[in-house]
Amino acid sequence: MASAPTQEKPKWQLYLENEKLEEEQEWGEDITEDFFPIVTRLLLDNDDPVAASQKAAREFIDLLVNKWVPKDTARRTYDEPDDTPPLYTKERSLELNFESLGNFIYGLVPELPYPGIEHDKILYFLLHIKELWNQANFDPQVHESSLIYLFSLDAFLLLSIYYYHSYPSIAYLTGQQKSSDLNFFEYGLQIGASESAGAIHGSIPYTLEESNKHLCDPARSLYAMFARLLAAGVMRVKILKLISYDLYVLLEELDKRKPPPSELYLQVHSSIWADYILIAGLELAKEVRNPCGELKFPLTRAQWKAGAEHLAKVAEKVSEDTPWDLKRCAQKAYQQMQELVPEAFVGEVEKSETST
């Protein structure tokens, strides 16, 4: 009797298996025996993605509290003074462990299909970790409105039940942590964000063509995750810096580079900008109206208008069968930009009215 054909593993699973093997060879199996299975189980879980992500986030926090956060135990030591594994126990370990989480996620996300359920799960996983960490430091009622906004009332109630009944060990956090530890989640995730964005940007070949357009999928997936985190209020300034720089490059640099990049290379960057608007347009519009004052490339009304006009030109130029549904997405993003910051287009309207 012939055996059933073996199902090919998804790209992300092969990535995790290879990454786990490499880290075990360098640091030992105790480094990977807990965290890798949590994420693998999450991505393979066929149940509701929000519930599965909640479960994985609880498991991660439990590891952080019971295994990785230093208590009265001796520090782990290694051969060299600065020789430290991906997840370890030492002073400032909260920030460093969240930095490790960020680096892990930034390596994984480019291997995930976008859009896709796996992408959704990792987003929910990070947001649930953030909310559990908030609750570990503060009264949960303080964060009730944001939880309801992110996950609906039912999800919030479920998360609250899990928090109160599944986390006796979390008292360690409430009793001994400083409130400033709340920042470690974002501090840790921010550290590797710029480096990861730059590295993945460089992976898109200048000569991108239809035959190898899959090479830009990792970048589109990672940038979409950044936009989704921004929309959820995570790493706001850091991600605004990344996006405002991307817009500057799109408008001021790409078409001036020598040798000139391929048309598809230009189109994928237009697609990424359209995704930013469609995913996190509201947060970007808030920055236009009320600048944080921390961006090297400020997101001004003039930049907003120029970004919208770029999308309008792209939508008019490309065909219906251009990859990434670019024609429709560019047109939709252009319309959304007009609706979100109409005052950025007032000069154009006044000029038009005067000429008539």
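Descriptive notes on the structure:
- Taking a ≥ b ≥ c as the square roots of the eigenvalues of the Cα gyration tensor, an a/c ratio below 1.5 marks the range 224-356 as rounded.
- In sequence order, the range 120-133 has phi-based couplings of 4, 4, 5, 4, 4, 4, 5, 5, 5, 4, 4, 5, 5, 5 Hz under the Karplus curve 6.51 cos²θ - 1.76 cosθ + 1.60, θ = phi - 60°, and Gly or Pro positions carry x.
- Relative contact order (%) - the range 205-350, alpha-carbon pairs under 8 angstrom, separation at least six: 27 percent
- Relative to the Cα centre, the charge distribution of the range 205-350, modelled as +1 at Lys and Arg Cβ and -1 at Asp and Glu Cβ, gives a dipole magnitude of about 460 debye.
- Among the trypsin sites (Lys or Arg not before Pro) in the range 187-265, those located in a DSSP loop and surrounded by at most 15 other Cβ atoms within 10 Å of their own Cβ are ARG257.
- Legend: residue pairs LYS11/LYS327; LYS121/LYS332; LYS20/LYS332; LYS55/LYS305, Cα-Cα distance threshold 32 Å; pairs beyond threshold, LYS20/LYS332; LYS55/LYS305.
- Loop-located GluC sites (Glu not before Pro) in the range 252-346 (DSSP state not H, G, I, E or B) with no more than 16 neighbouring Cβ atoms inside 10 Å: GLU253, GLU294, GLU320.
- Maximal additional length on extending the ALA51-LEU278 stretch stands at 79.1 nm, based on 0.36 nm per residue less the C-alpha distance.
- Converting phi to 3J(HN,Hα) with the Karplus coefficients 6.51, -1.76 and 1.60 and the offset θ = phi - 60°, the range 282-295 yields 5, 5, 5, 5, 4, 5, 4, 7, 10, x, 6, x, 10, 8 Hz in sequence order, with x at every glycine or proline.
Read-outs throughout are calculated quantities, based only on the coordinates presented, and are distinct from any laboratory measurement. This is a predicted model, so every value here is computed, not measured. Glycine gets a Cβ as well: all are built from the backbone with ideal geometry, and neighbour counts include every protein chain shown.
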